[in-house]
Structure formats: structure tokens, C-alpha cells
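Scroll down for the structure; my scribbles are underneath it.
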Amino acid sequence: MVEQRVLQLVVKRCPICGGRPWLQTKSLTALGGIEFFLYFFECSKCGIIRTEGVHTYDKSKRSAMLSAAEEWNNLVDEANGHLAKK
């Protein structure tokens, strides 16, 4: 299994199609004009997205990226666990 490294964290391949996940960023503005960024992973092949992104509102950019990678890996582990039970 080939995996992508993001900030020294291994990001697992998509559990649906085996595609490579890509880190996505969205700029958002909160009430009061405070700008922050939302980070999440999307499969480059099938387009599946981990819907629970991680924002920089209360985290550093690096911490948010690492948390987004952990969330993606949790999605992969959950999906693989369900597939193994079948």
C-alpha cells in the first residue's frame, strides 16, 4: 500500500477505491470578520470526502492539518473494519 506523507504523518489511501487523498483547504470568515481555514481530505480518484474538517479557528495551521490527516485515517480504519466484518 502506497501512502502519502503530510507533515510527517502517514495518510492512508482511500478505503473505497484505493486513490490518493489530497489535502483540501477552504477559507472561511466568522462573525466579526475573523478569517480561518478548514482542512479536510478528498480522494483524488472517487471524490469521497471526510466531511468533518478541522479548522484553524482554535488551532495552529500545522495542528489543523495533522488533525485532518488523523480524521481521514480514522475514516479509512472504520471503513476497513466494516469491510472485514462482511
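The values are calculated or read from the model by the stated rules, or taken from the named source; none is laboratory data. Here the structure is a predicted model, which means the values were calculated and not measured. Neighbour counts run over all protein chains shown; Cβ positions are idealised from the backbone, glycine included.
Quick notes
- Unmet criterion (only one of (1) of a type in the set (D, E, K, R); (2) modelled with pLDDT of 90 or more; (3) over 15 Å from Leu75 (Cα atoms)) for Glu35: (2)
- Phe41 falls short on exactly one of the conditions (1) of a type outside the set (Lys, Arg); (2) touching a residue at least 40 places away in the same chain (Cβ under 8 Å); (3) touching a helix residue (DSSP H, G or I) at 6+ places or on another chain (Cβ under 7 Å), and that condition is (2).
- Qualifying residue in the range 41-54 (condition: at pLDDT below 85, surrounded by fewer than 13 Cβ atoms within 10 Å (Cβ to Cβ) and either closer than 21 Å to Gly81 by Cα or in contact with a Cys (Cβ under 8 Å, 6 or more places away or on another chain) (or both)): yes
One line per residue, one yes/no per condition, for (1) more than 20 Å from Leu9 (Cα to Cα); (2) touching a helix residue (DSSP H, G or I) at 6+ places or on another chain (Cβ under 6 Å); (3) of a type outside the set (Asp, Glu):
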{"residue": "Thr25", "(1), (2), (3)": "no, no, yes"}
{"residue": "Ile34", "(1), (2), (3)": "yes, no, yes"}
{"residue": "Lys45", "(1), (2), (3)": "yes, no, yes"}
{"residue": "Val54", "(1), (2), (3)": "no, yes, yes"}
{"residue": "Arg62", "(1), (2), (3)": "no, no, yes"}
{"residue": "Trp72", "(1), (2), (3)": "no, no, yes"}
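- Residues of the range 53-74 classified as out of contact with any Asp or Glu (no Cβ under 8 Å at 6 or more places or on another chain) and assigned to a helix (DSSP H, G or I), total: 13
- Qualifying residue in the range 5-23 (condition: at positive phi and either at pLDDT below 85 or aliphatic (A, V, I, L, M) (or both)): yes
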